[in-house]
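Participant: Dropping the structure in here first, questions after.
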Amino acid sequence: MRRFGTVTGLALRELWISYRLLLAVGILVLAGLPSAMLPHTTPALAPTRLESPLEWFAIGLAVALAVVGGMAAAALSQERRRGSAGWLVIRAVPRPVILLGWFAAFVLLLAIGLAPAATLVWLTVAAPVSDVGDAWPFVAPVVGAWAAGTAAVGVGLLLGAMLSPWPAGLFTVLVAGGVLLVAVLGAFPTLAEAPAPAAGLAILGDLPNQARPVADALRASGTALVIAAVALILAITALGRADL
Amino acid sequence: MRPAAVVASGLRRSVGGRRLLDGVDLRVPVGARLLLVSEPDEAASLMLRIMAGLVRPAGGSFDLAGVPRSDEADAGWRRRIGYVGGEQGFYPWLSPREVLDLAGRLADYDAAERTRRIDAAIEQFRLGPGLDRPVSRGGSPLAERVALAAAMLTDPEVLLLDDPLRSIDPAERARLLAVPGKRRTVVLASRYPASEDGLVNQVALLLNGRLAIHARRDDLEAQGLPLTLKGIASLAVMRTQTMPRAAGA
């Protein structure tokens, strides 16, 4: 546990010093800006597709979460390449601990970036379309988006354990971005009702029309966390076989 | 026969389709200072990386410091092995003091023991200037000193050195690599064998994935051969020529 804390601390410091922490948090906060700047509509006006500020928020988040996943992929791959992971392994830090330390750092980073973005959108857009005073129908899909982000990070770490930095990062952005954008732009509202890992974003984008946003979003969060766990197990296996 | 600190048997590994290690058997006695050279160059480095736990062998096994490898989580065992490779590995934004402190914490030393060992390392490796500035500001020579100091912090029984300290001037390099300790075993992989004169008392050559020769440094001198790849290869050829004759006699 102590070694896990050490690796997470080193990962966060590395992300901070290389400006990647600021970049990731900035991208997540920026995802909330377009929706705050769009002209406000009310539920009665029934906005059409891509006119809803919440849908723009979901689209922005889909892109930002994919980028963070790509950063995770590139970061782990770089750790392998420049010998930082090897330096720790030589000093009795097990490879799974290195991977989980980086995962924890990125999951924390997602939370740090999502919190102000969601607050911004809640204050400017979401509060009028929800029952004022009841934030849960908004918070639950945001948690779902965070969980989808952890799945993107998990997939990124899996690819980062196998590929070199640029291919790993790019491939993660394309795969995670594709899945998340399809969830937001594609088949909703049917997707929002399915236990898909990216359904949290779909629910967020179409919040005024959701019958059970909290229950569906929590179910989507659970699925996304399962995907993240599976990706992590595969990543641990891949890193265990990798040359450091 | 002296007990062995490094025992490798049948180590095999290919890289990029090339079989660099093809069943290497090697036995290095406790206290030996072995120069390991190879043709191709990467084979010796690969062997050290395998023994350090960075690369998985395709086959074979090895023991270091009398313990079968490897429990990555065992700090107690890990204290007994040191490794310095071509890449320094630690984050360049850490200061030398932070690198040493991190190495000490990962070796499970308490604060007092860490301080004692770090102070000794600072003196031995002359890390005083720039001790609290990022290692990257001191360039490669400082990074290499810090890497060796971190590896030596645990006073390891077996020290694996993969062509280390190439940015440091030869006299200072020789001083740093002449690590004290009669029972400490050093395996030094080098692409420039002549530069290791005075640091080693045994030589070994890996040729096309196999151990071609493992001899005393004095054997080279006795034959009037230089401490070069060519010289060691010549000794290997002489040995193979004399062995059938001896067997025939």
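Participant: Helix B:111-124 sits at what angle to the longest principal axis of chain B, using alpha carbons and giving 0 to 90 degrees rounded to 10?
Facilitator: Result, in degrees: 60.
Participant: Still on this structure, please answer the following. Probe radius 1.4 Å, ligands and nucleic acids ignored: give me the carbon and sulfur share of the accessible area of the protein assembly as shown as a rounded percent.
Facilitator: After summing per-atom areas, the C and S share lands at 62 percent.
Participant: Distance between the C-alpha centers of region A:89-119 and region B:88-156? Whole Å please.
Facilitator: One Cα centre to the other: 26 Å.
Participant: Something else now. Please determine, in degrees from 0 to 90 and to the nearest 10, the orientation of helix B:42-51 with respect to the longest principal axis defined by the Cα atoms of chain B, where the helix direction is its Cα long axis.
Facilitator: So the inclination is approximately 60 degrees.
Participant: Moving to a separate point now. Charges on Cβ only, +1 for Lys and Arg, -1 for Asp and Glu, centred on the Cα centroid of region B:90-155; of B:Ser136, B:Leu94, B:Ala111, which one is farthest towards the dipole's positive end?
Facilitator: So the residue furthest toward the plus end is B:Ser136.
Participant: Tell me which residues come under 5 Å, amide H to amide H, from B:Leu159 once H is placed; ignore anything under 5 positions away on its chain.
Facilitator: B:Gly82, B:Thr185, B:Val186, B:Val187
Participant: While we're looking at this one, here's another question. On a full-extension model of 0.36 nm per residue, what is the gain between B:Thr242 and B:Glu172, subtracting their alpha-carbon distance, rounded to one decimal in nm?
Facilitator: Length gained, B:Thr242 through B:Glu172: 21.2 nm.
Participant: In peptide B:51-60, what is the residue-averaged number of other protein chain Cβ atoms found within 10 Å of each Cβ?
Facilitator: That average works out to 3.
Participant: Hey, what do the phi angles of region B:141-153 turn into as Karplus ³J(HN,Hα) couplings, whole Hz, using 6.51/-1.76/1.60 and θ = phi - 60°, x for Gly and Pro?
Facilitator: In residue order, the calculated couplings are x, 5, 4, 5, 4, 5, 4, 5, 4, 5, 5, 7, 4 Hz.
Participant: Quickly estimate the mean residue ellipticity at 222 nm for the protein assembly as shown, helices only: each DSSP H run with n ≥ 4 gives -39500 (n - 2.57), and the total goes over all residues, rounded to 500.
Facilitator: -17500 deg cm²/dmol
Participant: Then there's this: Roughly how much accessible area, to the nearest 100 Å², goes out of reach of solvent when B and A pair up, both sides summed, probe 1.4 Å?
Facilitator: Approximately 2500 Å², summed over both chains.
Participant: Other chains near A:14-22: what is the mean number of their Cβ atoms within 10 Å of each residue's Cβ? Intermediate values should be presented prior to the final figure.
Facilitator: Working: counts 3, 0, 1, 5, 2, 0, 0, 0, 0.
Counting Cβ atoms of other protein chains within 10 Å of each residue's Cβ and averaging gives 1.
Participant: With each label point set 7 Å from Cα along the Cα-Cβ vector, what nm distance links A:Tyr19 and B:Thr115?
Facilitator: With each label point 7 Å from Cα toward Cβ, the separation is 3.9 nm.
Participant: Follow-up. So with the 1.4 Å probe, I'd like the accessible area per residue for the protein assembly as shown, rounded to whole Å².
Facilitator: Solvent-accessible surface per residue comes out at 42 Å².
Participant: Report which residues of region A:226-244 become buried by 30 Å² or more of accessible surface when going from the isolated chain to the complete set of protein chains (1.4 Å probe; DNA, RNA and ligands ignored).
Facilitator: A:Asp243, A:Leu244
Participant: Leaving ligands, DNA and RNA out of it, rank A:Val175, B:Val135, A:Val25 by accessible area with a 1.4 Å probe, largest first.
Facilitator: Accessible-area ranking of A:Val175, B:Val135, A:Val25, largest first: A:Val175, A:Val25, B:Val135.
Participant: Turning to a different aspect of this structure: Inside 10 Å of the C-beta atoms of B:83-89, what's the mean count of C-beta atoms belonging to other chains?
Facilitator: For peptide B:83-89, the averaged partner shielding equals 5.
Participant: Let me ask you something else. Give me a comma-separated list of calculated 3J(HN,Hα) values for region A:209-225, in order, Karplus coefficients 6.51, -1.76, 1.60 applied at θ = phi - 60°, integers in Hz, x for any Gly or Pro.
Facilitator: Values, residue by residue: 9, 8, 7, 10, x, 5, 4, 5, 5, 5, 5, 5, 4, x, 4, 5, 5 Hz.
Participant: Which value, in debye to the nearest 20, describes the size of the charge dipole of region B:90-155 about its Cα centre when Lys and Arg Cβ atoms bear +1, Asp and Glu Cβ atoms bear -1, and nothing else is charged? Intermediate results must be reported in sequence, preceding the final value.
Facilitator: Values: 9 positive and 10 negative charges, 52 e Å.
For region B:90-155, the charge dipole is close to 240 debye.
Participant: Next question. Quick one: compute the contact order of chain A, relative version, from alpha carbon pairs under 8 angstrom and 6+ residues apart, as a percent.
Facilitator: Numbers: 429 pairs, mean separation 68.0, N = 244.
Averaging sequence separation for qualifying contacts and normalising by length gives 28 percent for chain A.
Participant: Sticking with this structure for a sec: So, in nm, how far is label B:Ser9 from label A:Ala36 when the simple model puts each one 7 Å beyond its Cα toward the Cβ?
Facilitator: For B:Ser9 paired with A:Ala36, the spin-label model returns 6.8 nm.
Participant: Once phi is turned into θ = phi - 60°, what whole-Hz ³J(HN,Hα) does the Karplus curve with 6.51, -1.76 and 1.60 give for every residue of region A:156-170, x standing for Gly and Pro?
Facilitator: Per-residue couplings from phi come out as x, 5, 4, 5, x, 6, 10, 10, 7, x, 5, x, 4, x, 5 Hz.
The values are calculated or read from the model by the stated rules, or taken from the named source; none is laboratory data. Remember, it's a predicted structure, so these values are computed and weren't measured experimentally. Cβ: placed from backbone, ideal geometry, glycine included. Neighbour counts: every protein chain shown. Just so you know, the surface numbers come from the protein's heavy atoms only, side chains and all, with ligands and any DNA or RNA stripped out. Shrake-Rupley method; radii C 1.70, N 1.55, O 1.52, S 1.80 Å.
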